[in-house]
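A quick write-up on the structure given underneath.
Computed from the coordinates by the stated procedures, all read-outs in this text should not be read as laboratory data. Just so we're clear, the structure is a prediction, and the values are computed from it rather than from any experiment. Positions of Cβ are generated from backbone atoms using ideal geometry, with glycine treated the same way; all protein chains shown enter the neighbour counts.
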Amino acid sequence: MSILIKEVELNGVATDIYIENKYIKQIGTNLPVTADIVIDGRRKAVIPGFVNTHGHAAMTLFRGFGDDMPLMPWLEEKIWPNEAKLTKEDVYWGAKLACLEMIKSGTTTFFDMYHKFHATAEAVEEMGIRANISSACFDQFKPELTEKSKQTIQKIYNEMDRYSKRIHFSIGPHAIYTVSGELLQWADAFAREHNVLIQLHLAETEGEVENSVKNFGLTPVRYLYKLGVLSPRLLISHGIYVDDDEIRMLADHEVKVAHNPASNMKLASGMHFKFQEMREAGILIGLGTDGCSSSNNLDMIEAMKLASLLGKVWRKDPEAVTADEIFQSATANGAAIANLKAGKIAEGYLADLSLIDLNMPAFTPNFNFISNLVYAANGNCIDTVICDGKVLMRDRKVPGEDEIMERAAQIAYNLIKR
């Protein structure tokens, strides 16, 4: 399969991009090539596909359910009791809806931590985007659940050959307050042996930090350091409550961080995410939306704007977290965390791209394209999405989108009734 995008704006210049199989083969002006698919790129700009580094895809089913509540009551009263009722079909349609929403807003890769791994993986396989999927595990410090979690992780890992290379496996211990130190250490050893990532919620709320000190005698990052599980294979989500020494620990061990501004603000978990300090320490920071139950959408363009504005306002510094920096987090940094040769428009890179419709008010005038994208636009500016060298959306239409929305809505209503 080959694709030729003609006269698309790249760094302000009308350019042709030729895609062969899953890679960008040639970039230039008036390329003398023929292709199976030709896309008119005039009045459009091309960007790398976004990488959403933290979320819970099937929680699209809980969008608008249990809003305006603190984190722990929200989890304990609204989310966990209803998640206990989820079937594989529920998760499958919730994940398909998430994939649809992400495609329509320009995301080509996402990280996921949720239940019923294979339901999400099957949805991703069918929708054509990439995902790094983990099965959320909770052992609640009970030895029998620890052993069960180990068996589940091993079983799912052994079943990965049924999926294409777009789908990657990771381990998903939920948090230090729901997962024992023994399971965290086992997960670290497993991740090292099999070269996979670990996704973990960490230092999300003041209460989590207080309980960590109370129960373990240490703050969350120091607790992980004591356990010996800080590593380049660890991706922590949130990471709001960390001090300078903890940032150094994370940097020294090459731990990655996913910043989730929307859910941090909506759940009032905290706003002082230390983007500048982490970046200066050399920490790779990705951007995430979190799940739809706590951020309400999966729009990475909106997430970029929130992250930049939030980073400025608490510092009272308009130069903090610039549009260019947060765009880098949403694209190249995310691709690096996912260990993908993507996140950049260059020959030899994966053809994971989005075309932006410039014929709209948000890009008029267009003094600074990245600035307009981050501060003025939203996901509705995405016209075309290509992932792995295949067109997933063209002229803002994704095949089968009406059925996905209809089925997912019905699934959600039935779930809450149960």
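In this label model, Ala189 and Tyr23 are separated by 3.9 nm, measuring between points 7 Å along each Cα→Cβ vector.
Shown here for the stretch 59-99: trypsin sites (Lys or Arg not before Pro) in loop regions (DSSP other than H, G, I, E, B) with at most 12 other Cβ atoms within 10 Å, namely Lys85. Considering only Cα-Cα distances, which of the following residue pairs are longer than 18 Å: Lys150/Lys256; Lys214/Lys266; Lys78/Lys256; Lys78/Lys266; Lys266/Lys305; Lys78/Lys214? Too far apart for the 18 Å limit: Lys150/Lys256; Lys214/Lys266; Lys78/Lys256; Lys78/Lys214.
For the chain, which longest stretch is free of loop sites, where a loop site is one of the GluC sites (Glu not before Pro) that DSSP puts outside H, G, I, E and B and that has at most 13 other Cβ atoms within 10 Å? Free of exposed loop sites, the longest segment is 160-318. With R₀ set to 56 Å, the beta-carbon distance separating Arg315 from Glu406 gives a calculated FRET efficiency near 0.80. A DSSP coil position with no more than 15 other Cβ atoms inside 10 Å describes the following chymotrypsin sites (Phe, Trp or Tyr not before Pro) in the stretch 278-354: Trp314.
Estimated from helical segments only, the mean residue ellipticity of the chain at 222 nm is -11000 deg cm²/dmol, where each DSSP H run of four or more residues counts as -39500 (n - 2.57). The distance linking the stretch 295-362 with the stretch 1-68 is 14 Å (Cα centroid to Cα centroid, whole angstrom).
The C-alpha atoms of the chain define a longest principal axis, and helix 117-127 lies at about 10 degrees to it.
What do you get for the angle between helix 88-104 and the principal long axis of the chain? Use alpha-carbon atoms, 0 to 90 degrees, nearest ten. Helix 88-104 sits roughly 40 degrees off the main axis of the chain.
With respect to the chain, whose longest principal axis is taken over its alpha-carbon atoms, helix 143-158 is tilted by about 20°. In plain terms, the residue of Ser371, Ser294 with the fewest other Cβ atoms within 10 Å comes first and the most crowded comes last, giving Ser371, Ser294. Between Ser164 and Glu210, full extension at 0.36 nm per residue minus the direct alpha carbon distance yields a gain of 12.3 nm. Working from label points 7 Å from Cα in the Cα-to-Cβ sense, the Glu147 to Glu89 distance is 3.5 nm.
So, how do all the Cα-to-Cα distances of the stretch 50-337 break down into 10 Å bins, in percent, from 0 on up? Using 10 Å bins, I get a P(r) of 7, 31, 39, 21, 2, 0 for the stretch 50-337. Distance from the alpha carbon centroid of the stretch 102-131 to that of the stretch 196-227 works out to 28 angstrom.
Taking the DSSP bridge list for the chain and keeping only pairs wholly inside it, about 45 percent are antiparallel.
With the simple spin-label model, which puts each label point 7 Å out from Cα in the Cβ direction, the Lys226 to Arg248 separation comes to 1.9 nm.
Cross-link reach is defined here as a Cα-Cα straight distance under 23 Å, omitting same-chain residues fewer than 8 places apart; for Lys22 the lysines meeting it are Lys6, Lys44, Lys96, Lys104, Lys165, Lys341, Lys344, Lys390, Lys397.
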